[in-house]
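The values are calculated or read from the model by the stated rules, or taken from the named source; none is laboratory data. Here the structure is a predicted model, which is why all the values come from computation and not from measurement. Cβ placement follows ideal geometry from the backbone for every residue including glycine, while neighbour counts extend to all protein chains displayed. Note: accessible area is taken over every heavy atom of the protein model, side chains too, but ligands, DNA and RNA are not part of it. Shrake-Rupley method; radii C 1.70, N 1.55, O 1.52, S 1.80 Å.
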Amino acid sequence: MYHSPIICVDRSARENFTIFINDNNDVFSVGRSRNNAYGHEKELIFPISKIQGLKNIKMIDCGETHTICLDFNGAVFSFGSNRCGVLGIGKLYSEFKGTHVPQKINIPPCKQIACGDTFVMCITNEGQLYYFGGNAPKLCLEDCEYHYLPEIITNFNNVEYIACGSNYC
């Protein structure tokens with residue numbers, strides 16, 4: 001019934017859930033999330049439940065308190081806590097704490113996504129590298145600001161793949 005990628009998140013004591021993509025490219029989750037990072041309003045979901053608003057999903061990744069999804073058309077969606085601007089929707093945490101409802105991110109079509117604890121990296125179909133969320137020291141950029149909208153990293157071109165750890169890429 002389920003195939004990879006299967007993402008299990010337990011990066012902090014606050015979150016403990018699993019997200020699945022099934023053969024129809026729908027997304028399901030089960031477990032506990034105080035930050036709605038598993039796509040449901042309730043803190044505890046059991047049994048496995050489908051996340052509404054997501055379809056045709058090919059890739060998912062999770063940070064400390066957020067989840068990012070990529071569909072086969074290259075659209076990127078986020079949900080969970082907006083701490084550090086990690087949802088990439090242009091709102092400060094003081095304006096928008098977070099949501100269980102998937103938010104479509106305004107970014108060119110992407111071929112890959114990856115999460116750190118408080119940041120997201122996206123590779124566009126043209127090989128450009130975008131990021132949003134917390135910055136220092138993860139992205140080796142000069143500023144230490146949060147980035148609430150996707151921003152291109154101009155010194156990388158023709159990127160094929162990226163992987164992220166908690167605080168690095």
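Would you call residue 4 at pLDDT below 90, among the hydroxyl-bearing types (Ser, Thr, Tyr), closer than 20 Å to residue 113 by Cβ and assigned to a strand (DSSP E or B)? Against the criterion (at pLDDT below 90, among the hydroxyl-bearing types (Ser, Thr, Tyr), closer than 20 Å to residue 113 by Cβ and assigned to a strand (DSSP E or B)), residue 4 qualifies. Within the range 30-68, the set of residues being touching a residue at least 24 places away in the same chain (Cβ under 8 Å) and of a type in the set (Val, Ile, Thr) comprises 45, 48, 51, 57, 60, 65, 67, 68. Among the residues of the range 11-65, the one identified as touching a Leu at 6+ places or on another chain (Cβ under 6 Å), of a type in the set (A, V, I, L, M, F, W, C) and either open to solvent by less than 20 Å² (accessible area, probe 1.4 Å) or modelled with pLDDT under 90 (or both) is 27. In the range 72-87, is there at least one residue being surrounded by fewer than 18 Cβ atoms within 10 Å (Cβ to Cβ), of a type outside the set (S, T, N, Q), touching a Pro at 6+ places or on another chain (Cβ under 6 Å) and not in a helix (DSSP H, G or I)? Yes. Taken residue by residue, the range 123-144 has at least one member that is in a strand (DSSP E or B), of a type in the set (Gly, Ala, Ser) and either within 22 Å of residue 35 (Cα to Cα) or open to solvent by 10 Å² or more (accessible area, probe 1.4 Å) (or both). Annotation: residue 154 fulfils all but one of (1) open to solvent by less than 20 Å² (accessible area, probe 1.4 Å); (2) at negative phi; (3) not hydrophobic (A, V, I, L, M, F, W, C); the unmet one is (1).
Looking across the range 45-71, the residues that are closer than 11 Å to residue 25 by Cα and not in a strand (DSSP E or B) come down to 54, 55, 56.
Would you check if there is a residue in the range 95-117 being open to solvent by less than 10 Å² (accessible area, probe 1.4 Å), within 19 Å of residue 20 (Cβ to Cβ) and either assigned to a loop (DSSP other than H, G, I, E, B) or hydroxyl-bearing (Ser, Thr, Tyr) (or both)?
For the range 95-117, residues open to solvent by less than 10 Å² (accessible area, probe 1.4 Å), within 19 Å of residue 20 (Cβ to Cβ) and either assigned to a loop (DSSP other than H, G, I, E, B) or hydroxyl-bearing (Ser, Thr, Tyr) (or both): absent.
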